[in-house]
1. List, in order, the whole-Hz ³J(HN,Hα) value for each residue of the range 88-104 obtained from phi through the Karplus relation with A = 6.51, B = -1.76, C = 1.60 and θ = phi - 60°; use x for Gly and Pro.
2. Measuring from label point to label point, each 7 Å out along Cα→Cβ, what is the Thr109 to Ala87 span in nm?
3. Along the range 115-123, what does the Karplus equation 6.51 cos²θ - 1.76 cosθ + 1.60 (θ = phi - 60°) give for ³J(HN,Hα), rounded to whole Hz, x for Gly and Pro?
4. Among Asp38, Asp61, what is the fewest-to-most ranking by other Cβ atoms within 10 Å?
5. Going by how many other Cβ atoms sit within 10 Å of their own, how do Leu126, Leu67 line up, fewest first?
6. Only counting other Cβ atoms within 10 Å, I'd like Arg58, Arg116 sorted with the fewest neighbours first.
7. Just to confirm the filter: which GluC sites (Glu not before Pro) across the range 49-132 are DSSP coil and have at most 15 other Cβ within 10 angstrom of their Cβ?
Amino acid sequence: MVHEAGGEGEGAEGWPPVWVAERDAAEADEGYTQRLADTLKTHKERVKYILSRYPSSRNSDTYLTWLYLRLFHGIKLPWLTWEQLMAINFESIRRARQLIQAEGLYPPTNQVAAKRRRKQAAMRRLLAQGEF
């Protein structure tokens, strides 16, 4: 089952959407998280799984990370200890998403891609002007 909601992203109103908290039948199985973690070992494999199953995660690293914590660490946010939080390498999750999308897989929506291109162009202008 693919979970999808249109138009959300980081900073969108109603974040996280209600459907995010719902689990499908497979995720309700107690051993699902452990079997998933046993099967998918690397950050890239895990992020690829999430991107393929939850298209909205392609637009938001926050949502991607939230799903990663739920699916591979069994952490039901927002109740999270500092130790649990520090055990996760958030930057590796973001980099894995970036690498997968650079390979042409699971692209963001056109709106998010355009926003990223605008940010990239602005940064290049600043660098060219020596302002950064």
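Coordinate-derived values only; no laboratory data. None of the values given here were measured: they were computed from a predicted structure. Positions of Cβ are generated from backbone atoms using ideal geometry, with glycine treated the same way; all protein chains shown enter the neighbour counts.
1. Using θ = phi - 60°, the values come out as 9, 9, 4, 5, 5, 5, 4, 5, 5, 4, 5, 5, 4, 5, 5, 7, x Hz.
2. 3.4 nm
3. 4, 5, 5, 4, 5, 5, 5, 5, 5
4. Details: Asp38 9, Asp61 19.
Listed from fewest to most nearby Cβ atoms, that is Asp38, Asp61.
5. Working: Leu126 11, Leu67 23.
In increasing order of surrounding Cβ atoms, one gets Leu126, Leu67.
6. Working: Arg58 23, Arg116 13.
With the fewest neighbours first, Arg58, Arg116 line up as Arg116, Arg58.
7. Values: sites: Glu83, Glu91, Glu103, Glu131; in loops: Glu103, Glu131.
When the GluC sites (Glu not before Pro) of the range 49-132 are filtered for loop state and at most 15 Cβ neighbours within 10 Å, Glu103, Glu131 remain.
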